[in-house]
Structure formats: C-alpha cells, structure tokens
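To keep things clear, I will list the structure first and then write my remarks on it.
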Amino acid sequence: MASREHRDGGLVRTFKLITLVVLVALAATIVQPARAEAMEPMTILTIVGIAVGVVLIIVVVVIANIRERQTGSAGEPVSVALDTGAPQGL
C-alpha cells in the first residue's frame, strides 16, 4: 500500500490545509470582541428613534394590507375616457 503523501493531489491537500488554517485564524480574529467604548446618549437616542420609526412604518404597511384583504378590494379602478370623434373648440 502506498502512503497518502505519495498519491496524486498531495499538493492540493497542502493548499487546502493552509487555506483552512488561514480561515480559522481570520475567524478567530473577527470573533474577538472589540474594546468596549461608551456610547453617547444622543447616539443611543438617535438609533432607538430610527428603530422605532422603521417598526412603525412596517406596522402601518402590514395593517393596511390586512385591511385591504379583509375588504376584498383594492379600491375603485380609475378609468380615463377620451372622446376623439367630437369636434373641439376652434
């Protein structure tokens, strides 16, 4: 029996091992928590305000869609008529 090192593709396995080691090192670097810094109160209020606004917009859209489905209609369609046979004012 031949050992694995002598088979074809040994170089490919080496590159895969190096790639795996680099990816694990990169993941470990990314996962580490950053240094904790205090946030300003105004920044926190801005983020919370924007989040509340987004939630409110989503709620309004969802409620409007639910009510539209319950009534069974999307409103009256608008029709525009053009009479080309009658003479217009000169």
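The values are calculated or read from the model by the stated rules, or taken from the named source; none is laboratory data. Being a predicted model, the structure only gives us computed values, none of them experimental. Glycine also receives a Cβ, built like all others from the backbone with ideal geometry; neighbour counts cover every protein chain displayed.
Just to verify a result, which residue in segment 1-24, among those that are part of a helix (DSSP H, G or I) and among the polar types (S, T, N, Q), is modelled with the highest pLDDT? Only one residue tops the list, namely Thr19.
Within segment 25-43, being hydrophobic (A, V, I, L, M, F, W, C) and either in contact with an Asp or Glu (Cβ under 9 Å, 6 or more places away or on another chain) or at pLDDT below 90 (or both) holds for Ala25, Leu26, Ala27, Ala28, Ile30, Val31, Ala34, Ala36, Ala38, Met39.
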